[in-house]
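A short worksheet on the structure shown next.
The values are calculated or read from the model by the stated rules, or taken from the named source; none is laboratory data. These figures come from a predicted structure and were not determined experimentally. Virtual Cβ from ideal backbone geometry, glycine too; neighbours counted across all protein chains shown. Just the protein is used for accessible areas: all its heavy atoms, side chains included, with ligands, DNA and RNA removed. Shrake-Rupley method; radii C 1.70, N 1.55, O 1.52, S 1.80 Å.
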Amino acid sequence: HALKKYSLLTDESSLPSSFESTLSLHRSTQAMILAYFLKTLGREEVKIRAQSIANALKQVAVEELEKANTSHIKTLFNHFKVFLSHDQLLSSSTQSSLTFELGRMYGYFSQYEKVKELLEQSLENLQKNNKEKDIQFAQIIAYLGSVYKELANPHRSQELLEQSLAIYIKNPVE
């Protein structure tokens, strides 16, 4: 037990046993690996690779939400939070997208105040570099409109859903 704090691996995984296989690295080991990658690859290359990881993480969240896989969704919370904590490596669009998915996960568990907070943060991130309201913006405000309905604010809900619809009409999805 005395050597446990010096171990590179932890013996406990946060992932449910239904995931195929897992390897869990201690947080300090993760920090050292990130520092090494930043030093050897450079910040721009790490950003490119972080984008690939973000896309994969988002895809897993979308799939698990579609399957309504409660245990996997619970597991993804911490992964999203930790990944989003590296905001210096993520574009505002990627931050927005991951924050939106994290909000959807909270919505799955009916934590609507937290969803509202995350979706508003997601919109803020999206608007940093993207002045034009696009489909991603419309998707977020539509979901936020549904959240306001759950929070018993039908007027705000209707306003957001109408804004979303107007964007979809202006930018039809093929």
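For region 93-151, trypsin sites (Lys or Arg not before Pro) are listed when DSSP marks them as loop and at most 10 other Cβ atoms sit within 10 Å of their Cβ; the list is LYS131. In terms of accessible area, using a 1.4 Å probe and ignoring ligands and nucleic acids, LEU25, LEU118 rank largest first as LEU25, LEU118. The alpha carbon gyration tensor of region 72-122 gives principal lengths a ≥ b ≥ c with a/c of 1.5 or higher and a/b no greater than b/c, which makes the shape oblate. Accessible area of GLU162 (1.4 Å probe, protein heavy atoms only, ligands and nucleic acids ignored): about 100 Å². The modelled label-to-label distance between GLN88 and ASN55, using points 7 Å beyond Cα along the C-beta direction, is 2.5 nm.
Of the heavy-atom accessible surface of region 26-134 (probe 1.4 angstrom), what whole percent is carbon and sulfur? Carbon and sulfur atoms account for 51 percent of the accessible area of region 26-134. Each of HIS155, THR75, GLY103 was placed along the dipole of region 50-174 (beta-carbon charges, centred on the mean Cα), and the one lying farthest toward the positive end is THR75.
Take region 60-174 with all the other protein chains still there, run a 1.4 Å probe, and you get 55 Å² of accessible area per residue. Note on PHE77 and LYS170: the extension gain reaches 30.1 nm, defined as 0.36 nm multiplied by sequence separation minus the Cα-Cα distance.
The distance from the alpha carbon centre of region 72-87 to that of region 107-174 is 21 Å, rounded to a whole number. Remark: the Cα gyration tensor places region 14-146 in the oblate category, a/c being 1.5 or greater and a/b not exceeding b/c.
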